[in-house]
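Student: Supplied in structure tokens, the structure appears directly below.
The values are calculated or read from the model by the stated rules, or taken from the named source; none is laboratory data. None of these values were measured; they are calculated from a predicted model. Positions of Cβ are generated from backbone atoms using ideal geometry, with glycine treated the same way; all protein chains shown enter the neighbour counts.
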């Protein structure tokens with residue numbers, strides 16, 4: 001995979017029965033993390049990176065093989081058989097295994113004649129929590145079997161300022177609300193199955209990450225969050241200092257969810273008890289339906305899930321390293337972060353701007369003032385790391401996008417043909433709302449339009465099923481009368497014909 005060869009055990013596909021689990025379906029996950037690290041490597045070099053749960057070691061091997069001297073890779077695993085397999089895979093890919101600096105010198109001295117050394121990898125055998133408490137890193141990736149909440153505190157204990165923590169969660173049964181009691185046990189949140197359950201899962205994980213960072217006097221900035229069939233991946237940048245920690249903690253809120261129409265809204269800040277929390281919802285289901293219509297979900301992350309500038313840099317790295325599989329996904333994430341339809345995405349910019357266009361994506365150059373502001377938030381690894389203007393680019397500032405999305409099929413009107421999704425996005429945009437597609441749901445629409453407006457526009461451009469086909473556009477009242485008259489006339493004609501036969 002990605003020009004990296006690994007040996008696996010015969011039962012590698014069963015995590016309960018093998019020491020070194022390898023899942024080919026996680027290739028997309030590995031490529032996303034590789035692009036993240038490649039984008040970070042442009043900010044400062046060299047990076048000290050940790051793959052805390054190596055298994056076969058394929059992820060760390062890809063880092064070292066393709067990024068070379070820009071990264072210092074450490075692969076860790078607690079299982080002795082996995083560590084042995086990782087060392088064999090290192091030699092298979094012409095990478096030297098380093099235990100300490102002394103052994104590095106010895107290994108370089110005994111390098112066989114004609115053998116090419118592509119780099120060095122440090123392989124450790126210890127508990128991930130212990131290793132992260134002992135050493136500091138610029139980049140940490142956590143991919144345990146199941147939930148990752150047991151390792152978050154250790155990850156943020158020694159992570160360097162402006163470093164990145166990526167968390168892969170594979171406990172999707174609890175995150176996708178199939179085992180709600182497990183989600184309450186692991187993440188301390190109440191959830192139900194909703195139409196936006198995948199984004200709900202991503203916000204649950206981000207909230208757990210944010211709380212762990214705040215306990216270590218650190219804040220976070222979410223670079224992107226991806227929830228697919230097999231995993232939930234969350235990547236955050238660490239902002240050092242109690243001020244950032246306080247700002248991060250404020251973004252964890254409860255969500256009010258209507259069980260009738262599935263409208264949702266984050267609760268307002270404040271310590272006072274809300275007299276009538278139903279008034280916060282845009283819908284009027286509580287007044288028209290009997291009993292209690294809404295439930296409280298969370299606590300969840302309430303702020304942005306994407307950083308447009310960082311995603312554009314990731315897209316450039318995916319082209320640079322030939323990772324074709326994830327380019328479509330990253331482009332969708334960029335549109336989603338800006339909440340713009342793909343047809344309105346600006347590729348070219350005015351000529352008077354200082355710009356660089358990389359593979360069809362317009363990326364502004366960095367601004368030193370933004371870099372200085374972020375460096376002032378806390379101590380850095382050292383002044384030598386701030387060597388180029390590529391540190392914390394201005395384009396990495398997050399833009400708020402509307403939370404959650406609506407499924408167009410979920411809100412379709414009975415007896416009506418919906419417009420095609422691409423045209424429906426244009427109709428919403430023409431009505432003055434921000435709108436985009438979402439990677440969470442192929443039929444999902446991310447928009448700042450309330451559900452009532454969403455449904456009214458959907459009804460306006462839907463056609464009755466008996467008009468035939470998927471004809472789209474607003475059905476005028478006159479045409480509706482004409483159709484009704486035609487139907488009535490055809491019914492009368494049939495009645496007359498049947499009476500004539502008799």
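Student: Go through (1) modelled with pLDDT under 95; (2) under 26 Å from residue 78 (Cβ atoms) and name the single condition residue 208 misses.
Tutor: (1)
Student: crowded, with 23+ Cβ neighbours inside 10 Å and part of a helix (DSSP H, G or I) - does that describe any residue in the range 133-151?
Tutor: No, the range 133-151 contains no residue that is crowded, with 23+ Cβ neighbours inside 10 Å and part of a helix (DSSP H, G or I).
Student: Taking into account only those residues within the range 268-295 that are surrounded by 13 or more Cβ atoms within 10 Å (Cβ to Cβ) and part of a loop (DSSP other than H, G, I, E, B), which is modelled with the lowest pLDDT? Explain how you work it out, then say what you get.
Tutor: Within the range 268-295, the first condition is being surrounded by 13 or more Cβ atoms within 10 Å (Cβ to Cβ), and the residues that meet it are 277-278, 280-286, 289, 293-295.
Retained after the next criterion (residues that are part of a loop (DSSP other than H, G, I, E, B)): 281-284, 289, 293.
Details: 281: 85, 282: 84, 283: 84, 284: 83, 289: 79, 293: 85.
Restricting to residues being surrounded by 13 or more Cβ atoms within 10 Å (Cβ to Cβ) and part of a loop (DSSP other than H, G, I, E, B), the top hit is 289.
Student: Name the residue that is nearest to residue 233 (Cα to Cα), counting only residues in the range 152-179 that are in a loop (DSSP other than H, G, I, E, B) and touching a residue at least 12 places away in the same chain (Cβ under 8 Å).
Tutor: 170
Student: Another question, then. Look at the range 450-465 and say how many of its residues are buried (at least 18 other Cβ atoms within 10 Å of the Cβ) and either touching a helix residue (DSSP H, G or I) at 6+ places or on another chain (Cβ under 7 Å) or under 16 Å from residue 415 (Cα atoms) (or both).
Tutor: Qualifying residue count, the range 450-465: 5.
Student: Just checking, how many residues over the range 194-206 are surrounded by 22 or more Cβ atoms within 10 Å (Cβ to Cβ) and touching a residue at least 60 places away in the same chain (Cβ under 8 Å)?
Tutor: Qualifying residue count for the region: 8.
Student: Of the conditions (1) surrounded by 16 or more Cβ atoms within 10 Å (Cβ to Cβ); (2) modelled with pLDDT of 85 or more, residue 57 satisfies every one except a single condition; which number is it?
Tutor: Only one criterion is unmet by residue 57, namely (2).
Student: Here is a list: 366, 340. Which entry is at pLDDT below 90, touching a strand residue (DSSP E or B) at 6+ places or on another chain (Cβ under 6 Å) and assigned to a loop (DSSP other than H, G, I, E, B)?
Tutor: On the way: 366 fails: touching a strand residue (DSSP E or B) at 6+ places or on another chain (Cβ under 6 Å).
Matching residue, one of 366, 340: 340.
Student: Being in contact (Cβ under 8 Å) with a residue 12 or more places away in the chain and within 25 Å of residue 264 (Cα to Cα) narrows it down to one residue among 318, 303; which is it? Let's see the steps before the verdict.
Tutor: Details: 318 fails: within 25 Å of residue 264 (Cα to Cα).
Just a single option satisfies the conditions, and that option is 303.
Student: So if I check each of 292, 268, 251, which one is without any contact (Cβ under 8 Å) to a residue 12 or more places away in the chain and farther than 19 Å from residue 440 by Cα?
Tutor: 292
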